[in-house]
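The values are calculated or read from the model by the stated rules, or taken from the named source; none is laboratory data. Source: prediction; values computed, not measured. Positions of Cβ are generated from backbone atoms using ideal geometry, with glycine treated the same way; all protein chains shown enter the neighbour counts. For the accessible areas, the whole protein counts, side chains as well, though only heavy atoms, and no ligand, DNA or RNA atoms are used. Shrake-Rupley method; radii C 1.70, N 1.55, O 1.52, S 1.80 Å.
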Amino acid sequence: SSEGCTNNVVNGGVCTQHGAKVSRKNCSAEGCTNNAVNGGVCKRHGAKRRICSSEGCTNNAVNGGVCKRHGAESSSAKRKGGKDENSKKKKKKK
């Protein structure tokens, strides 16, 4: 509990910036040091990815079974109570 810190408490009464250790499991594939994502393995070794449920879309589902393009709200937008400023599409240069 560091004074003035407003981050979420993670472990031992402190946030990660003030010393909380977060344990993550490693991929079970031999010699792989990536973090396990799903089923004990990383993406490279076969972790299943969730696909957007919108018809014809092949993007990764972010929240609620849909991708950002089809209405998933980012976690930072939820905290702010609106759309995330960083989620706006950037125009491609010709």
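Can you name every residue in the stretch 1-38 that is in contact with a Lys or Arg (Cβ under 9 Å, 6 or more places away or on another chain) and open to solvent by 70 Å² or more (accessible area, probe 1.4 Å)?
Answer for the stretch 1-38, where residues must be in contact with a Lys or Arg (Cβ under 9 Å, 6 or more places away or on another chain) and open to solvent by 70 Å² or more (accessible area, probe 1.4 Å): VAL10, ASN11, GLY12, ASN35, VAL37, ASN38.
Please give the number of the condition CYS32 fails out of (1) more than 15 Å from the chain's Cα centre (by Cα); (2) at pLDDT 85 or above; (3) within 25 Å of ASN8 (Cα to Cα).
It is condition (3) that CYS32 fails.
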